[in-house]
Structures are given as C-alpha cells and as structure tokens.
1. For the stretch 559-568, state whether one or more residues are within 30 Å of Lys697 (Cα to Cα) and polar (S, T, N, Q).
2. Could you go through the stretch 448-457 and let me know if any residue there is at negative phi and touching a residue at least 40 places away in the same chain (Cβ under 8 Å).
3. Could you please find all residues in the stretch 545-562 being in contact (Cβ under 8 Å) with a residue 60 or more places away in the chain and either farther than 25 Å from Gly583 by Cβ or not aliphatic (A, V, I, L, M) (or both)?
4. Condition first: modelled with pLDDT of 80 or more, assigned to a helix (DSSP H, G or I) and out of contact with any Phe, Trp or Tyr (no Cβ under 7 Å at 6 or more places or on another chain). Now tell me which residues in the stretch 617-638 satisfy that.
5. Here is a check on your reading of the model: is Thr402 of a type in the set (S, T, N, Q), on the phi < 0 side of the Ramachandran plot, surrounded by 22 or more Cβ atoms within 10 Å (Cβ to Cβ) and in contact with a Lys or Arg (Cβ under 8 Å, 6 or more places away or on another chain)?
6. Among residues belonging to the stretch 565-619 that are within 21 Å of Ala482 (Cβ to Cβ) and of a type in the set (S, T, N, Q), point out the one that is surrounded by the fewest Cβ atoms within 10 Å (Cβ to Cβ).
7. Kindly indicate which of Leu283, Leu257, Leu239 is under 18 Å from Val188 (Cα atoms), of a type outside the set (Phe, Trp, Tyr) and outside the structural domain of Arg640 (by TED's automatic domain parsing).
Amino acid sequence: MATFLYKLGRLAFRRRHVVALIWVALLTLAGVGAAGAPAAGTTSFSIPGTEAQKAFDLLEERFPGMSADGATARVVFKAPDGEKMTDAGNRATVDKTVRELSDGSEVASVTNPYQARAVSKDGTIAYAQVSYKVSGMELQDASKDALEDAAQHARDAGLTVEVGGDALQAVPHTGTSEIIGIAVAAVVLVITFGSLLAAGLPLLTAIVGVGIGVSTITALAGTLDLGSTTSTLATMIGLAVGIDYALFIVSRYRAELAEGRGREEAAGRAVGTAGSAVVFAGLTVVIALVGLSVVNIPMLTKMGVAAAGTVAIAVLIALTMIPALLGYAGRRVRPAGEKSRLLGGGRTPKKPGRPNMGTRWASFVVRRPVAVLLLGVVGLGVAAVPASSLELGLPDDGSQPTSTTQRRAYDLLSEGFGPGFNGPLMVVVDAKDSADPQGAFGDVADGIKGLKDVVTVTPPAPNKAGDTATITVIPDSKPSSAATEDLVHAIRDTGAEVKADTDANVLVTGATAMNIDVSQKLNDALVPYLVLVVGLAFLLLIVVFRSILVPLKAALGFLLSVMAALGAVVAVFQWGWLSGLLGVEETGPVMSMMPIFMVGVVFGLAMDYEVFLVTRMREAYVHGEKPNQAVVTGFKHGARVVTAAAVIMMAVFAGFIGSSESMIKMIGFGLAIAVFFDAFVVRMAIVPAVLALLGKKAWWLPKWLDRALPNVDVEGEGLRAAADANKDGEPQPARV
C-alpha cells in the first residue's frame, strides 16, 4: 500500500498539470450536468414493511385520487376577542378564504369549517383543511404562495390566522452553516501551518471534492430518483473529511521536508504514509455510511450512499490533487517549524530539544495511565447517564419554534380542540374478504370507542366498492406522547380481534402512526447495524494495525463516546439543559434517527483519528522504539494535526446548531459533541493510557493470522527499508 501510494504521490507531483486538468474537467463536467438537470424533487417518504406504509399503499389502491401521502395544510382561524367564528362577518371571511384555497392545480380538496363541524365548542376557533395531490416538499412555490396569500387576506379582515401541516415545509438551507464551518477551518489551518498557502490547500481541495460530489448528485437526481435533501449529508460529511484528509497529507509533507528530503520525494512519502491512513480511514467512513442501507428506509439509504460517494472523492483528491498542488506551490510551502513570509514571519521555531505539547501530554499519560484511563472512562460514563432516559420520536409542528406559523397553528388547535387533535389517527379497514363488510366497519368503530385515551371516532367512510373504509380517531393526548403510542398499539390489537371474527384487516396510519413505526423500525435496526459496521471496521483495523487488542480498544472507545454524546443530546433537547444558550425553544423526544445516524457518521469519523494517530505509533514501534516511547513519538508527530482536524470537524458540525430547524440543530450539536468526546477524551487520553498499560501486548497478533492477512504496509516500512540514495527514488516493497 505505502509503496503504491508513494509512486502515485510522486507521479501526481511530476504530472501536476495533467492531474489538475483532470480534476478541473471533472468539476466542470459535474457542474454542467447539474446545471442542465431538472430541479430535484423529493422522493416519497416510504417505510417498506411498516403497517402505516401498507395502509398508505392500500388507500392509493382502493381510494383513487385520494393522495393519502399528499401534503396537508390546516388553516386555523381565531375570532377577535368578544366575537365568535359563527358571527356573520367572520363566517363570510372564512367562506371567502375557503374559495381562495380551492384554486390551484395541486389542490385535491378543501373542507369548509361550517360544513365539516370544524368549529370549537366555544365558537372562537375554526379550521379549514387543505389536501394536496403531492407531498409538502414537492409542492410548487406558486401553491405555497397562494396558501399564504389566502391566510393573509383573512388576517387583513381582522381574524387571527395560522397555517399548520406540512404544506409549508421547506428544504433546509445550510449555506450559512457551511460558511461558518469553512471560516473556522481556515483560522485553525492557518494557526496549524503558520502559512496562508499551506492552509488554503485543504480548503481548496475540500471545496472541489464537495463541488464534484454534490453536482453529481444533482445531475443524477432525476435518473436515480434522489430527493432534494440527499445532498445535505454529503455536503456536511464531504466538507469535514475533505479538509481533514488533505490536512493529514500536507502536514506529513512538511514534516518530510523538515527531515531534509527533496520536494518530490517528500510528496511521495507523505502520500505513501499519511495517504495510507487516509485510505483506510476513508474506507471506515464509507462502510459506516453505506451500512445505513440495512435500516431499509430508502431516503436514509440514498443519503448514506451519496455521502459515501463524496467521501470516496475526497480520498482520491487527497491522494492526487494535494501532491499536484504541492508541486505548484514549490518553496512557498515550507518545512514544519520554519518561518513563513506569508504571515509576516510566522511561528518561531522551537528551541532544539524542547518537546512540543503533544509530547509533553503523551509523556504525562504513559507515566500515569491508570489515573488518566479511570478519569476518561468515568467522565464519559457520567455524561452518558442521561441516555438511559432516551425517548425517541419524530419532530412535528409542536417542536417548531414559537415564532413559526406552524407552531402557532398547533397551539391554537390544541386550545380549541384538545392536544390530540394535532395527531389524528387514520384507521383503514380492509373488508374485501369479509362476508359482511358493513358489519366489520361497525365492529371496528365500536371497538375503538371503548379504548382508553380516545376523544372522537368518526363514522366509517367506505370507498365506492364498499370493501374498504377509513375511520378517523382523535386521541386525548398529544402526538408525541407515550399515551398516543399506546393507543396505536391498542387499536392494532383490537384489529387483530376483529380479523379473527370477520376476516377484515385493520391498519393504522397517518403521520403520528408513521412516526411511531419509523421509530420502532430504527430501534430494531440499531443492533444489526452496529454489528455490521463495527464488525467490518474491526476486521479492517486488524489488517491496518496487525493487532487484535488495538482494534478492540478502538471499537469500545467509540461506543463510550457515542453513549456520552447521546447523553448530552438527551440533556439538552429532552431535559432542557443549556437550551436557552443553544436556542432550543421546545424540548421533547429525541429524533428517532439520531442514534443510528450518530453511530454511522461518528464511527467513521472517529476511525479517522484512530488510524492517523495510532499508525504513527505503530510506525515508530515497527522502526524499533519501545512501546511507551512509540506512544510518545506518535503524539509528537500526530497530536497537533489530529487536534486541528477535530476542531475543524467540530466547527463544521457546530455551524448547523444555528439552524432554525430543530432536526438540523440536533444533528449539528450531536455530531459536534461526539467528535469532541471521541477526539479529545477517547483518542487523546484513553487510547494512549490503554496502549501504555498493554505495552508490547497491544501489537500482538497470532502467527497464523499474521501469515493469512495481506501486508498493506500502512506504516511505510517498505519506504524505510529501501535505500534513500536510490537513483530512481522508487523503493522496493518490504515485508513488515
């Protein structure tokens, strides 16, 4: 591996014009493809195998034109103080608004509050429900504008009007977050390298990589049925790893220059050593992201695969474009520790023999490994305690900021009709195989009326064929409550009893039931996903480190950091700790995708630091140093770079905390705190402490397994074994 990448790095350095031209051509081609592609829509949020999805599919079949999964909008009206919605003037305003709402090619139906009995008991609040033929994110801007205009006209007439539902759902825009992340990354890189030019290379290559990846996703959106949200994760991960991978190689290049090697040779050795770590770190990220497909949620699978493709591009750019740009930079990228003219002198070189901070920290850890290990494990354990109270759910209008019209509509409906009105359940009764369909419909409705936590059960509404009916159930509790979840299960149990008596199938669907099913599906998939991802990465790390205990320690440390990060997420978003500081306006259940999402993303990123830091330790050990000294040497060369990489990663993710979308805010905070725990507590404290305690045993591998494993030579022993004076400069491979 090291020898091959060494040759690739030197080739890219020499043929920099060709390499640069290829990447520019790919970026141009992807950009042209994206510009010419039709605007990305959104794929329907289907959850194969769930009861709620089966009910949606049945409704599409038995109720043609119903658009069961189409967008909805609840336009909520409140009369001025002292007035009723049934007053003649207010009624005329509502009737006019309903007529306005009915216009539009994407509108399927509109209910009039006075005909649908959608007026509160005290007469102060009413609502009209608008159903659309397409989903909220597929809805055209013209339809959204018409909806908002109709609401505004009613406001102008003196009513309080708010709009709930998913019709006004917007694709989150994260441009500001990306700019914040890039700005912080630029500052960290300048401080790390002491050079504007050296700092600019990782930023440039990361932007090129993300540009190619996202443009390709946009260009293929129509062909592969990719939604407009597919590129969000690709942008977030691609930007973070793109900067980090380039940072690793540029840092190693400057270290090789400091040892007196020529620039082409230094580029080759940087790609051969740090580049090997980048390849395997990238593989772990790709495994984690592609592994999201085991959840069997199409949207999540597409997001994972798209992000994995962007990571693969980042790896290829780091291995080829970075050495090519270093060739263009020439002497303007200086050896590590040397003054930089671009910063007016830069950092002054350290005095000979004076250890850097990484060396001093590692020396402290290897002297007191037990204390450091206990402090790190106990600290993460305490942070993980709130995770024991984890409650999962999906965000609804009740989790929106109070400044949004969706949240205000949610509150008005709760005030006028009760909290459960915001999460109605749709019960679908399939009596096609029943001898008495009408009797089956009635039995189901009667059974539901006798259940706890039920406020309203509407009469069955059969289709034209008379073999299928829908029943709307209004719970007594809010959509995200445990009581509503219990009611869904109780209705399904009632359906099982009805089926035994009448041969009719009873299915529960609607947004609330779908959320419950999604949460359950994600919970069920978490353990298989962990086994798959951690198992594959464990095998990969055995090949990289030629050790059993080092990969085991890496996996266990990752689980610690993820549990601690989940604990922090629960404390902030569920318990409300520091909620004011982070702008969390409404606490509630943690997004159901969060655990599996954090496992996938953070595991891949955590292995970046593990591979880069520990390969430097193994490299020193293979070259003859004692185990504890190898730990110190690894920190001497890698701690500064890993610290910079972690700070950059945290900055990129933390930039998303400022989003008004609670889901994006939660993802940004969760990933940022997870990187902090993993990089600074696990990799920088627990890892060296464990290696110091294990000594030579850390690098033990059964002889039979050592012979069976392929020799990838990540440490670059083949480069060291070859004579540096070789005329062609191309070392021959050597077995570790």
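The values are calculated or read from the model by the stated rules, or taken from the named source; none is laboratory data. As the structure is a prediction and not an experimental result, all values here were calculated from the model. Cβ atoms come from the backbone with ideal geometry, glycine included; neighbour counts cover every protein chain shown.
1. Of the stretch 559-568, the ones within 30 Å of Lys697 (Cα to Cα) are 559-564.
Checking the rest, the ones that are also polar (S, T, N, Q) come to 561.
Yes, there is a match, as at least one residue in the stretch 559-568 is within 30 Å of Lys697 (Cα to Cα) and polar (S, T, N, Q).
2. Checked the stretch 448-457: at least one residue is at negative phi and touching a residue at least 40 places away in the same chain (Cβ under 8 Å).
3. Once the filter is applied, which keeps residues that are in contact (Cβ under 8 Å) with a residue 60 or more places away in the chain and either farther than 25 Å from Gly583 by Cβ or not aliphatic (A, V, I, L, M) (or both), the stretch 545-562 yields Phe545, Arg546, Ser547, Ile548, Leu549, Val550, Lys553, Ala554, Gly557, Phe558, Leu560, Ser561.
4. If the condition is that a residue be modelled with pLDDT of 80 or more, assigned to a helix (DSSP H, G or I) and out of contact with any Phe, Trp or Tyr (no Cβ under 7 Å at 6 or more places or on another chain), then Met617, Ala620, Asn628, Gln629, Val631, Val632, Thr633, Gly634, Lys636 are the ones that fit.
5. No.
6. Here the residue is Thr587.
7. Among Leu283, Leu257, Leu239, only Leu239 is under 18 Å from Val188 (Cα atoms), of a type outside the set (Phe, Trp, Tyr) and outside the structural domain of Arg640 (by TED's automatic domain parsing).
Here is a yes/no grid of residues against (1) surrounded by 18 or more Cβ atoms within 10 Å (Cβ to Cβ); (2) closer than 14 Å to Leu425 by Cβ:
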| site | (1), (2) |
| --- | --- |
| Val457 | yes, yes |
| Ala465 | no, no |
| Thr468 | yes, no |
| Asp476 | no, yes |
| Ser481 | yes, yes |
| Asp486 | no, yes |
| Glu497 | no, no |
| Asn505 | yes, no |
| Ala513 | yes, yes |
